[in-house]
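What follows is a short report on a single structure.
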Amino acid sequence: MTSGHSRPARFRSSKSGKRTNALRISELEQALLNASTSNVALLNAKGEILAVNEAWLQYGRNNSKTPGKLPAKISVGTNYLEVLKNTSGVDEADAAAAMAAILSVLKGRKRSVSIEYPCSVPGQTDWFKMTVTILKGKTRRVLVAHENISAQKLLETSRIEMQQLVETNPSGFATYREHPDGRISMPFVSKRWEELVELRAEDVATDATPFISRAHPDDLPMLVEQLEKARKNHSVIKVEYRLRTPSRGTRWVEVYAAPRRDPDGSTVFMGSLTDITDHKLAESALLDNRALEHQMSRFVQIAPGAYYSFSHQSNGRAQLRFASPRFEELAGPLLEQLKVDFWQCFQLAHPEDINNIKKSVLEAFQRQVPWHQEFRIVQANGEVVWMEGWAEPSQQQQDEILWYGIMMEITHRKKAEEARKKIEDELIQSEYNYRILAENIGSPVATCDENGVFLYVNNTFASLNGMTPEQMIGGVYFPNIPEERVHTRILKIREVLASGQPYSDEIVDNVNGERKWHLRTMRPMRIKGNFKQVLITGHDITEHKKEQELLSRYAQDLEQQVRLRTQELE
């Protein structure tokens, strides 16, 4: 049929009696046409409509532009081939195919031909199967039957869409049959099911044991129990269990199926299998995160630091979002105000520190960089305490940034730093006094490191070596003695540093051509708790040595006199 909103009508009289007789058909033929539920028309060799049945008439009237009136172009006497030829628009291609099919039979190339085509009618599109059949007789005539297959097409389309839905769904679909004799089979599984379970349809079509055996041994009893419960109660089964696969290892899956009872006594479960491994991992991670959040919450509750967070919007507004107990304690009566206007926190700062705090905060906001500052705050009881604060930005929305921060009280550290500074100042003064003393003392004084390099030399020490302090500082210890003796002296210096014990020896120096005796002492010096330098001092013992030599000579002379007198008496 064409899209002219109807097709053929029965025989109608024409102005030409001759033409009427030519188109006349027998009552028997008309009755046979009316017996068909398809829309049927009888065409002659020229393609003229000789007769139509009641179904053709009814369809034409129902879909006519003028309701109830059969369009002339599909009435008896109309050339149906011309109607098809002159069809345009969306139905043009289908009309051309229909005309070609009719001509192939009329011209004897085929005895019968069928095609399917859509037909546009008001408000819908119908599908027809047109079958053209040659009729035996003296004159060439063809029977054109249009069978309405819209319902079948709709069913086929639904089936295709359902199949596409099944095949593209991330879940796998299957039927699981439990036979009366105890056998189990899976007559249908989708492609996705095959991918998830890693079994082919033919592997489980007659025996579903391979599928059941894929269940984790620890989960299998539970799975069997749930199947039995669903079969007994005729209820839906929804179960999660672990499925073992050859290539992807153990996966978590969820099975959701509903049972039905077949006439032969079989129970058939129709349902889906979904891989929920990622969901399980996310669920586990969520539980871990909640546990971690609980731990962190507990930590924040007992930690000495003041933890907080606040939001900073593009319009400059800031609000407190979270405060730990220590922060609440520091904020005191201002806490509720900070929830509305976080900038009220500057009221807590020491007046002398407010400007520095504002400057550092503004810089951090403008550059979107972490903030760090040491400052003082005045507590509700009037006590001034030192705090050290940190905060880092985190972009939440386009017009809002959330800052996470912590403040630690460092009052004790600041006091310790002040005490250390005082000690360092005193040490510097002591060192200065020591240098003044060393420069004015008559004894030689010097310091050196573990390699014998001079770090300090006073004038007396330098003059003993015929040099100035500037010439000796930075040089190797004992520059005027042989190299092997230098090595021995350096080893002795390192021995003093390692043992932490002083060492003394007597040395002889030639000063301006005169021999001088000195008692040299090496004492280890602590630098930041460790022995790093050696203090070298000397004492002139020349006179003492001379007295010892004189006494030694007296003793030798006396001993000689005693020996001679003894010989005389003998």
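Residues are listed down the side, and each one gets a yes or a no for (1) farther than 30 Å from Phe342 by Cβ; (2) exposed (fewer than 15 other Cβ atoms within 10 Å of the Cβ); (3) hydrophobic (A, V, I, L, M, F, W, C):
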| site | (1), (2), (3) |
| --- | --- |
| Ser213 | yes, yes, no |
| Arg244 | yes, no, no |
| Pro304 | no, yes, no |
| Ser309 | no, no, no |
| Gln313 | no, yes, no |
| Ala318 | no, no, yes |
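Quick check: is even one residue across the stretch 219-226 among the charged types (D, E, K, R), without any contact (Cβ under 8 Å) to a residue 12 or more places away in the chain and closer than 18 Å to Ile184 by Cα? For the stretch 219-226, residues among the charged types (D, E, K, R), without any contact (Cβ under 8 Å) to a residue 12 or more places away in the chain and closer than 18 Å to Ile184 by Cα: present.
Every residue, every condition in (1) assigned to a helix (DSSP H, G or I); (2) more than 60 Å from the chain's Cα centre (by Cα); (3) exposed (fewer than 10 other Cβ atoms within 10 Å of the Cβ); (4) modelled with pLDDT under 75, yes or no:
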position	(1), (2), (3), (4)
Ser504	no, yes, no, no
His518	no, yes, no, no
Thr521	no, yes, no, no
Arg526	no, no, no, no
Gly538	no, yes, no, no
Ser552	yes, yes, no, no
Thr566	yes, yes, yes, no
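Taking the criterion of being under 20 Å from Ser36 (Cβ atoms), loosely packed, with under 13 Cβ neighbours inside 10 Å and of a type in the set (Gly, Ala, Ser), the residues of the stretch 135-165 that qualify are Gly137, Ala151. Every listed requirement among (1) assigned to a loop (DSSP other than H, G, I, E, B); (2) in contact with a helix residue (DSSP H, G or I) (Cβ under 7 Å, 6 or more places away or on another chain) is met by Gly265 save one, (2). Among residues of the stretch 105-134 being in contact (Cβ under 8 Å) with a residue 40 or more places away in the chain and in contact with a Lys or Arg (Cβ under 9 Å, 6 or more places away or on another chain), the one that is surrounded by the most Cβ atoms within 10 Å (Cβ to Cβ) is Leu106. Listed here are the strands (runs of 3 or more DSSP E) enclosed by the stretch 136-213 that have at least 3 residues being within 29 Å of Thr267 (Cβ to Cβ) and in contact with a strand residue (DSSP E or B) (Cβ under 7 Å, 6 or more places away or on another chain): 172-178, 184-189. Just one of the listed residues (Arg183, Arg260, Arg248, Arg231) is closer than 21 Å to Lys280 by Cα and surrounded by 11 or more Cβ atoms within 10 Å (Cβ to Cβ), and it is Arg248. Of all the listed residues (Ala364, Ala416), the sole one being in contact with a Pro (Cβ under 9 Å, 6 or more places away or on another chain), outside any loop (DSSP other than H, G, I, E, B) and farther than 16 Å from Ala306 by Cβ is Ala364. For Asn451, indicate whether it is modelled with pLDDT of 85 or more and polar (S, T, N, Q). Considered against the rule, which asks whether it is modelled with pLDDT of 85 or more and polar (S, T, N, Q), Asn451 comes out as yes. Criterion applied to Phe375, Phe327, Phe322 was being part of a strand (DSSP E or B), within 25 Å of Lys415 (Cβ to Cβ) and in contact with a strand residue (DSSP E or B) (Cβ under 9 Å, 6 or more places away or on another chain), and the one residue passing it is Phe375. Scanning the stretch 215-227 for residues that are part of a helix (DSSP H, G or I) and surrounded by 13 or more Cβ atoms within 10 Å (Cβ to Cβ) yields Leu220, Met222, Leu223, Gln226, Leu227. Among (1) closer than 15 Å to Ile406 by Cα; (2) in the same structural domain as Ser394 (by TED's automatic domain parsing), which single condition is Lys339 missing? The failed condition is (1). Residues that are surrounded by fewer than 22 Cβ atoms within 10 Å (Cβ to Cβ) and more than 25 Å from Glu27 (Cβ to Cβ): does the stretch 47-60 have at least one? No, every residue in the stretch 47-60 fails to be surrounded by fewer than 22 Cβ atoms within 10 Å (Cβ to Cβ) and more than 25 Å from Glu27 (Cβ to Cβ).
The values are calculated or read from the model by the stated rules, or taken from the named source; none is laboratory data. Small disclaimer: the values here were computed from a predicted structure and weren't measured. Note that we place each Cβ from the backbone using ideal geometry, even for glycine, and neighbour counts take in every protein chain shown.
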